[in-house]
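The values are calculated or read from the model by the stated rules, or taken from the named source; none is laboratory data. This one's a predicted model, so the numbers in the text were calculated from it and none came from an experiment. Glycine gets a Cβ as well: all are built from the backbone with ideal geometry, and neighbour counts include every protein chain shown. To get the accessible areas, we keep the full protein, side chains included, count just its heavy atoms, and leave off ligands, DNA and RNA. Shrake-Rupley method; radii C 1.70, N 1.55, O 1.52, S 1.80 Å.
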Amino acid sequence: MRTTNLITDGAAAPVEAAPHLPPPPTRLTRPALFLDMDGVLAPLAATPDAVVPHPERTAALRAATERLHGRVAIISGRTIAEIDRIAEASAASASGVHGLERRRADGSLHRAEAAPAVREVVVAFEAFARTRPGIIVEDKAVSAGLHYRGAPTEAGAAMALARELAERTGLTLQAGNLVVELKTPGASKGTALTAFMQEPPFAGAVPVMLGDDLTDEDGFRAAGALGGFGVLVGPPRETAARYGLADVAAVLAWLNAVEDGA
């Protein structure tokens with residue numbers, strides 16, 4: 001399967017897999033796959049809406065879901081609406097906004113009630129962005145994101161503002177790849193994975209979480225606690241993941257090769 005276009009369209013140059021993390025096996029006993037979106041299924045882009053659907057990604061997700069009898073879910077910081085846009089609704093099970101939204105395999109949806117302080121944070125983030133070209137504010141209703149990929153020199157100021165607002169409002173600070181988010185407390189990618197594992201078709205399977213940044217560490221730990229493992233995508237760092245893959249192309253190649261060895 002050709003994956004080069006998916007990597008070069010707005011993506012950074014491929015990176016080497018962490019040398020201390022071998023690639024995950026492709027033959028597993030009843031695996032359940034939990035996949036982050038940005039940096040894992042899709043290349044990172046300058047703005048959130050610059051990530052678009054790609055036929056190879058969609059085909060790989062649909063084929064893996066069929067082979068694994070529905071045991072595939074996307075767990076992302078994006079909203080479920082954004083997950084569906086990019087993945088072309090190829091994943092019946094999905095969790096958005098770091099666990100604050102979750103759609104079960106049967107289509108039923110759970111969404112946390114937004115903390116009132118999120119509106120205050122959106123206003124503060126928008127005021128910050130007005131005088132700083134390249135800064136993007138993302139309002140997800142249950143959280144607010146401040147993207148500074150287009151203005152990396154503002155990283156220190158963005159983080160300082162987010163920390164001050166988190167302390168004042170009690171919202172949870174979630175740092176990502178050139179983005180910081182303040183979200184309604186009480187959920188994470190780890191809680192989302194754990195909830196999926198209590199329901200069909202995931203119950204009794206071996207969870208495998210693929211992620212690339214610090215927001216995925218909760219998912220890695222949750223997978224390990226339930227007898228599975230994490231897969232770190234991208235450059236080496238301290239992580240709870242047991243295996244590594246180099247980039248999005250490597251993820252899609254593995255996704256096309258993984259099979260149920262039960």
### Query
Size of the dipole of the range 202-251 about the Cα centre, Lys and Arg at +1 and Asp and Glu at -1 on the beta carbon, nothing else charged, in debye to 20?
220
### Query
Taking the range 22-121 as the region of interest, what is the percent of Cα-Cα pairs per 5 angstrom bin, listed from the shortest bin to the one with the maximum distance?
2, 12, 21, 23, 18, 13, 6, 3, 2, 0
### Query
What percent does the relative contact order of the range 113-262 come to when contacts are Cα pairs within less than 8 Å and at least six residues apart?
14
### Task
May I ask you to evaluate 6.51 cos²θ - 1.76 cosθ + 1.60, the Karplus curve with θ = phi - 60°, for each residue of the range 228-237 and list the ³J(HN,Hα) values in order in whole Hz, giving x for glycine and proline?
x, 7, x, 10, 7, 9, x, x, x, 6
### Summary
In whole Hz, the Karplus estimates of ³J(HN,Hα) for the range 250-258 (6.51, -1.76, 1.60; θ = phi - 60°; x where Gly or Pro) are 5, 4, 5, 5, 5, 4, 6, 9, 5
## Note on the structure
From most to least accessible, 1.4 Å probe, no ligand or DNA/RNA atoms counted, 98, 69 line up as 69, 98
### Accessible surface, 1.4 Å probe, highest first, among residues 243, 148
243, 148
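Rounded to the nearest 500 deg cm²/dmol, what is the calculated helix-only ellipticity per residue at 222 nm for the chain, with -39500 (n - 2.57) per DSSP H run of length n ≥ 4? Display every interim value, and only then the final one.
Values: 8 runs with 82 residues, N = 262.
Counting only the DSSP helices, I get -9500 deg cm²/dmol.
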## Note on the structure
For the chain, the dipole about the Cα centre with charges only on Cβ (Lys and Arg +1, Asp and Glu -1), to the nearest 20 debye, works out at 340
